[in-house]
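Just so it is clear, none of the values below were taken in a lab; they were calculated from the coordinates. This one's a predicted model, so the numbers in the text were calculated from it and none came from an experiment. With ideal geometry, Cβ positions are generated from the backbone for all residues, glycine too; neighbour counts draw on all protein chains shown.
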Amino acid sequence: MIDPMIEESTNLPTLKRVNKFSVKSGKMSPEQLKHSLLAIKNYFFVALAIFCFSLTPSISQAQPDGEKLFKSKCATCHKANEKKLIGPGLKGATERLEMEWLIPWVQNSAAMIKSGDAYANQIYEEYNKVAMTAFPELKDEDVIAIFAYVDEVNAAPAAGAGGGVVAIQEPQEPANNSWIYILALLVFGTLLYILTRVKGGMEYAIREKEGIPHPEPMTIKDSINSWISNNTKVVILGVIALLVMGSVDGWNRLSGIGIYQGYAPEQPIKFSHKLHAGINKIDCQYCHSGAEKSKHANIPSANVCMNCHVAINEGPQYGEEEIGKIYTALDYDPETQEYGDNPVPIQWVRVHNLPDLAYFNHAQHVNVGKIECQECHGKIEEMEVVAQHSELTMGWCIDCHRTTNVKMEGNAYYDELHAYLVETHGEEAQITVDKIGGLECAKCHY
Ligand code: HEC
Ligand code: HEC
Ligand code: HEC
Ligand code: HEC
Ligand code: HEC
Ligand code: HEC
């Protein structure tokens, strides 16, 4: 018996295209088969196009990074745990306070104090009317992300706390969610494979029906080549998608990821620059003696601490506890004043850290350039805990080289060069660092 639909459609060729849904097993004409193949292929292109374009916004509108925001905006004044810094420790803030209160507070605490909010005024008094910075640039979801990060830190078990020595922790790279893209690619790969198989099966059926001989099976290389030439659209879309992903990723890297401004890790000993360099006015280079004459400023060894702490065994804030850790590190017994033979070096957590590809030299800047430590490190002498003040990006280095004059007067090293530069740039010209080659790639990159 002949299917009436097919009968009809063969009589009326113009209707064929509408008939794709009448395709039933074994009952379709070769034309219909080819048509369904085309339809499937088109669906596939649409799906692929949607996939490509959905990738772009999902990368560029990435979730606000609570950790980065906390470290860059809040960590100078708040700890994520319960300890006070300049403001209260933020641990448990989301339990004490509603998000409806926290968001406007962070965006503009002064306005809330002015509005007469009882709690805002209470805490403001409690902290001796120290004003918290306003953050109008933070969106609601940024503030939510910051507190989500704070809660996350407190949920994690405290690592190595309590003991005198804490392992060096490298700053964490922001969480990387490339697995989503790998998963998506896997799903599409599978889909592509299934579609290819279905298409192959249908072509086989067509040849069977029309009595066309089947071609020789192809080698993998040939079949890949033939797939590429038959699916140029897919290939082009794929390449575009990869380029877009690559450039978005590259842009993200260049414009923020890897910047640890505000990074202020907890140290194994609560060493305070405010107490030593600020209140007691100890010269930076008493401890960081390398800054004047070498590449590294260096962190002082525990022996340097002992110059004073043989005599000073009690501090104003922590009594004997924190100074005691110096003794533990040196295996020193303050009672007998004797050193044991089991010293354990203090594992200070590194704050500033340029990638290996960049060359930075302290002596060049401190000694030759006559730049104050504070220009790059901020007011260290006011910091209870050292926080990274500058971005430490290439743009930061270069901006300064473009705008800072080289101090040549009274510097014998420069006498000849100075004369030459004045000759080439004129007497009035500002001789900034870029004029002596401070923008040359090789000066900062090995
Ligand atoms: C310049 C220092 C400073 C910075 C930066 C800062 N704060 Fe504050 N913060 C304070 C001070 C001080 C207080 C105590 C209230 C007062 O004196 O205004 C406070 C209070 C708070 C409170 C109330 C806590 C409680 O337990 O009652 C929250 C929440 C808070 N800050 C969140 C933040 C967040 C989030 C950021 C980063 C976006 C931030 N702060 C940045 C200084 C700062
Ligand atoms: C009594 C010794 C002492 C004095 C004085 C001192 N520092 Fe430090 N400094 C340390 C120690 C110890 C550390 C490591 C622990 C820490 O980061 O707090 C350190 C860390 C630092 C760091 C961070 C290093 C890193 O890991 O990236 C900087 C920057 C710094 N000091 C700058 C200064 C400046 C600027 C001054 C002067 C205003 C100064 N220091 C005075 C002992 C000292
Ligand atoms: C021109 C900017 C600049 C100036 C000025 C400067 N530093 Fe640094 N400092 C840096 C950079 C950049 C790093 C990170 C270096 C690295 O990772 O290799 C750093 C790192 C440090 C460190 C960590 C240990 C090390 O040597 O890498 C200490 C300590 C330090 N500086 C102290 C000082 C002191 C003290 C002064 C003043 C005498 C000073 N710095 C002046 C830019 C500067
Ligand atoms: C040039 C002298 C000097 C040197 C060097 C020195 N300190 Fe101190 N330190 C002091 C003085 C002064 C005090 C404050 C004592 C006081 O006020 O009672 C102090 C206090 C302390 C405290 C107690 C803080 C408190 O509030 O309880 C600690 C911890 C400390 N120093 C750690 C160190 C470490 C670690 C080093 C070596 C990297 C070091 N100090 C090097 C002079 C020094
Ligand atoms: C606060 C301003 C400032 C910052 C920030 C700064 N520099 Fe410099 N830099 C100078 C000055 C001033 C000189 C000139 C010193 C001299 O007289 O030789 C200089 C010189 C140099 C030189 C030698 C250039 C030459 O032609 O001899 C190098 C290399 C250099 N800086 C690398 C860096 C790097 C890397 C960074 C960032 C991590 C950086 N600088 C950040 C001010 C700065
Ligand atoms: C004044 C010093 C300085 C000069 C001049 C300089 N760079 Fe850099 N460059 C840096 C520093 C510092 C970093 C590391 C910054 C960071 O980690 O954010 C860096 C990073 C880079 C990176 C890696 C970026 C990344 O995200 O990993 C590249 C690529 C680079 N520089 C290329 C160049 C080229 C090309 C030139 C010459 C046109 C040049 N740099 C000149 C200081 C400099």
Cys441 paired with Tyr339, simple spin-label distance in nm, labels 7 Å along Cα-to-beta-carbon: 4.8
Within segment 331-377, DSSP-loop chymotrypsin sites (Phe, Trp or Tyr not before Pro) with at most 13 other C-beta atoms within 10 Å are Tyr359
By the scheme Lys and Arg +1, Asp and Glu -1, what is the net charge of all other residues having a beta-carbon under 9 Å from that of His362? +1
Pairs from Lys407/Lys443; Lys79/Lys270; Lys83/Lys281; Lys71/Lys139; Lys295/Lys370; Lys71/Lys270 whose Cα-Cα separation, in the structure shown, is over 21 Å: Lys83/Lys281
Looking at segment 286-360, which trypsin sites (Lys or Arg not before Pro) are DSSP coil and have at most 15 other C-beta atoms within 10 Å of their C-beta? Lys293, Lys295, Arg350
Provide Cys308, Cys74 in ascending order of the number of other Cβ atoms located within 10 Å of each residue's Cβ, fewest first. Cys308, Cys74
For segment 305-348, the convex hull over Cα atoms projects on average to an area in nm² of 3.3
